[in-house]
Amino acid sequence: MSLYCGTICRRKSFWCYRLLSTYVNKTRYLFELKEDDEACRKARQTGVFYLFHDLAPLLQTSGRQYLVPRLSRAELERLLGKFGQDSQRIEDSVLIGCSNQREAWFALDLEPEVETELGGSFVSLRRALSQLSSMDSSLLFTARALLHWHDGHQFCSKSGQPTKKNVAGSKRVCPSNNIIYYPQMAPVVITLVTDGARCLLARQSSFPKGLYSALAGFCDIGESVEEAIRREVAEEVGLEVENLQYSTSQHWPFPNSSLMIACHATVKPGQTEIQVNLRELEAAAWFSLDEVAAALMRKGSFIEQQSDALPLLLPPKLAVAHHMIKTWVETQTCSSLAA
């Protein structure tokens, strides 16, 4: 659905209406809320609130899925009052989005006792990934990242003085020198390496048992994405890659905000012998199309499957690594059928 803007333009002897899409309309509204404190305060009166405690969102169980409860301003004030908390706590909330109808959405970190009153519990977002919808997870990713950033940027890195957030929480300002701090993401390259018939997957010791994923690492200062990919693959598995192709990107809030830049790459001819850097990885291996396709078909959360002898397990569907691996399987399958 689109909205007509009142602006009319003259073009080639006829009048035309400029079409303003719902997306543009919503985006400009969010920009206004971030830049205009008074407008954001007004929006907070009629907005809804997502609750967190220690960066874990409040979730309600519905079968094997999680529901994400939202509270109105009036409901939140009643809840705070019941537990003897000042309604001024609402000032700590951060703007995380809005609906097409301009209903503003906020996130707020509270004390844990409120969970029983709302019939839910505060659940680690990482553990809840496989039981959330993509829309809910994206919103909660944003909320967790912003709340975490504000918690870690209470003071100015130059003056040492306390910083103050604007109403929306889109920035913090040092009153002593007017330095403005904005939330930032660290660029991370995540690369699915193939040799034409197989893909290379690796695991860290912190992964759940049996879980393998694509190679990933932070971009160094001064590096391009291409340079970061080549360096990371060389560092971690001792291989050189070529034919780099961008795939997609994703915001990932664990443990801090990262922009995952997903790419595909192939190893140079004759370079398939893996030399694992044990400072970076626990293991790495080549996997066939059949092995990876079978892993994609497996149901259930990898977190729940903690036996001693596990088959290959892959990242949850909401992770960009899962998308990359699935794309590779589909491409290889189509190529096999065409041949």
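What follows is calculated from the coordinates using simple rules that are stated; it is not laboratory data. What you see is a predicted model, and the numbers here were worked out from it, not measured in a lab. FYI the Cβ positions are ideal-geometry reconstructions off the backbone, even for glycines, and counts take in every protein chain you see.
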Among the residues of the stretch 244-281, count how many are closer than 30 Å to Ser137 by Cβ and of a type outside the set (A, V, I, L, M).
17
Checking Ser224, Ser258, Ser213 in turn, the sole residue that is farther than 16 Å from Pro315 by Cα, small (Gly, Ala, Ser) and surrounded by 15 or more Cβ atoms within 10 Å (Cβ to Cβ) turns out to be Ser258
Just one listed residue, out of Lys165, Lys158, Lys171, Lys209, is of a type in the set (Lys, Arg) and touching a helix residue (DSSP H, G or I) at 6+ places or on another chain (Cβ under 7 Å), and it is Lys165
Selection over the stretch 223-261 where residues are under 19 Å from Arg198 (Cβ atoms) and part of a strand (DSSP E or B) yields a count of 6
Among the residues that make up the stretch 103-116, is at least one of them within 26 Å of Ala319 (Cβ to Cβ) and touching an Asp or Glu at 6+ places or on another chain (Cβ under 9 Å)?
yes
Taking the condition buried (at least 17 other Cβ atoms within 10 Å of the Cβ), among the small types (Gly, Ala, Ser) and in contact with a Cys (Cβ under 6 Å, 6 or more places away or on another chain), does Ala104 pass?
yes
